[in-house]
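Asker: Sharing a structure with you now.
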Amino acid sequence: MIDSLAALLGLGAQDPAFWIPLALIVVFFAVVVAGVLLDGFDIGVGCVSLVAPAALRPRMLSLLGPWRDANEFWVFLGIGLFAVAFPYAWPQTLGRLYLPLSLLALGTMLRSVCFEWRLRSPAEHQGRWQFGFGAGAVLVAFSHGYILARVAVAYQPGGGYTGFAVLMGGCAVAVYSLLGAAWLMMREAGELRVRAVGWARRTLRWGAVGVVGVSVVLDFSNAGVFLKWGDGAHWLAVGLVWGALLTCFVLTEMTLQRMISHSYRASALPYALVLVIVLTVLGGLAYSFFPYLVLDEVTLWDAAAPVATLRLALSAVVIALPVALIFNLRVYWRMLGRSRPPSPPDFKP
């Protein structure tokens, strides 16, 4: 397959102009996945904090403390890598995404500023910064869904497409809220876990609406994507993907219902199932778009920078990526399982 694709481009599989953009788009996709999964629970906790009782909000935000700085890393890394490696895609995307990108920037700024100022403000003002953090999280989640919808329909104008983008923005808020609620019920017990189960149940079905909506619209609005998935050789893969998604949604609903009716022993299972759902959807989107960055207009090789720039970008990735992986593994390995209070220091008389 790789050789055939290279031949269509008039390049060899060993040609740097072919394989370096391919390697960098794989790294970019990995950064996107890491950002959605690792920053996703952070965004989700912020979203559900807006409907949480005021007494629970400080605890919810304090649970995010160890990972806040690491979570911001993925957004800037992804934007920087895309800008350097694929500069010729910007004219085709930036001008069509001013609104959601502006919302994304505003939401990111609100989350960062409000989280830090909450820690330094008087007690009577902390509620305002907690609200600002939640509002920023909603803006970030909504902008992600809006961007995905606009990209899926190849930026076609019209009220119907705008309405679809707004719907997908709302569904993205639901998906992130589901991810955040599932993470909270894994991390905490007591009232916060009970409420997190309720938040997860309310957002689960809207998450399913978003998954089905973006898949159907992407499939039927683009003939190339429809043919790619509708080819007879791919029916087994299609069946496995939709079977996996349906199974995960049903198991999540059953687990949440069991947690309400019987016990909270399987508190980590909903989080694992939601991760599988998100990974499956992202993998399907990547397969649908490849090799395009803008459907039917710009391939990743059309958008790639000159080879000299690509070599420099790849060298930076080779040096920086292992450092980033080591740092993030050290930071994130404690995000799973029940939270534990810090051990008191040993005082010697």
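The values are calculated or read from the model by the stated rules, or taken from the named source; none is laboratory data. Since the structure is predicted, the reported quantities are computational estimates derived from the model, not experimental observations. Cβ atoms come from the backbone with ideal geometry, glycine included; neighbour counts cover every protein chain shown. Only protein heavy atoms, including side chains, enter the accessible area calculation; ligands, DNA and RNA are left aside. Shrake-Rupley method; radii C 1.70, N 1.55, O 1.52, S 1.80 Å.
Asker: Return a whole-number percent for the relative contact order of the chain, with Cα pairs under 8 Å and 6 or more residues apart as the contact set.
Answerer: Value for the chain: 23 percent.
Asker: May I ask you to give the solvent-accessible area per residue for the chain, in square angstrom, as obtained with a 1.4 angstrom probe?
Answerer: Ligands and nucleic acids excluded, the result is 50 Å² per residue.
Asker: 7 Å from Cα along Cα→Cβ at both A55 and V113: what's the point-to-point distance in nm?
Answerer: Once both label points are built, they end up 3.2 nm from each other.
Asker: Using a 1.4 angstrom probe on the protein heavy atoms only, line up F41, F76 by accessible area, largest first.
Answerer: Ranked list, largest accessible area first: F76, F41.
Asker: Run the helix sum for the chain: -39,500 (n - 2.57) per DSSP H stretch of 4+ residues, divided by residue count, reported at 222 nm to the nearest 500 deg cm²/dmol.
Answerer: Value at 222 nm, helices only: -25500 deg cm²/dmol.
Asker: On to the next question. Can you tally the net charge around G35? Count Lys and Arg as +1, Asp and Glu as -1, for every other residue whose Cβ sits under 13 Å from the Cβ of G35.
Answerer: -3
Asker: Could you run the Karplus curve 6.51 cos²θ - 1.76 cosθ + 1.60 with θ = phi - 60° over the range 304-321 and give me ³J(HN,Hα) per residue in whole Hz, x for Gly and Pro?
Answerer: Computed from phi, the couplings for the range 304-321 are 5, 6, x, 4, 4, 5, 5, 4, 5, 4, 5, 4, 5, 5, 4, 7, 7, 4 Hz.
Asker: Also, I was wondering about something else. How large is the dipole of the range 22-127 about the Cα centre if only Lys and Arg carry +1 and Asp and Glu carry -1, each at its Cβ, rounded to the nearest 20 debye?
Answerer: Roughly 140 debye, rounded to the nearest 20.
Asker: Quick query: amide H of L293 versus all other amide H atoms, modeled in the peptide plane; which residues come in under 5 Å with a sequence gap of 5 or more or a different chain?
Answerer: Those qualifying (amide H under 5 Å, at least 5 residues apart or on another chain) are V298, T299, L300.
Asker: Now a separate question. Projected onto the charge dipole of the chain (+1 at Lys/Arg Cβ, -1 at Asp/Glu Cβ, origin at the Cα centre), which of G239, L178, A54 gives the Cα projection farthest towards the positive end?
Answerer: With unit charges placed on the Cβ atoms, the residue in question is A54.
Asker: Per-residue accessible area for D302 at 1.4 Å probe radius, Å² rounded to 10?
Answerer: 90
Asker: Given an 8 Å cut-off on Cα distances and at least 6 residues of separation, report the relative contact order of the range 137-231 as a percent.
Answerer: Worked out over the range 137-231, it gives 28 percent.
Asker: How large is ³J(HN,Hα) for each residue in the range 199-213, as worked out from phi by the Karplus curve 6.51 cos²θ - 1.76 cosθ + 1.60 (θ = phi - 60°), to whole Hz, x for Gly and Pro?
Answerer: 5, 5, 5, 6, 9, 4, 6, 5, x, 5, 4, x, 4, 5, x
Asker: How much of the accessible area of the chain, probe 1.4 Å, is carbon plus sulfur, in whole percent?
Answerer: Using a 1.4 Å probe with all protein chains present, the chain comes out at 70 percent carbon and sulfur.
Asker: Would you mind working out the magnitude of the charge dipole of the range 179-232 relative to its Cα centre, with +1 at each Lys and Arg C-beta and -1 at each Asp and Glu C-beta, to the nearest 20 Debye?
Answerer: Rounded to the nearest 20 debye, it is 280 debye.
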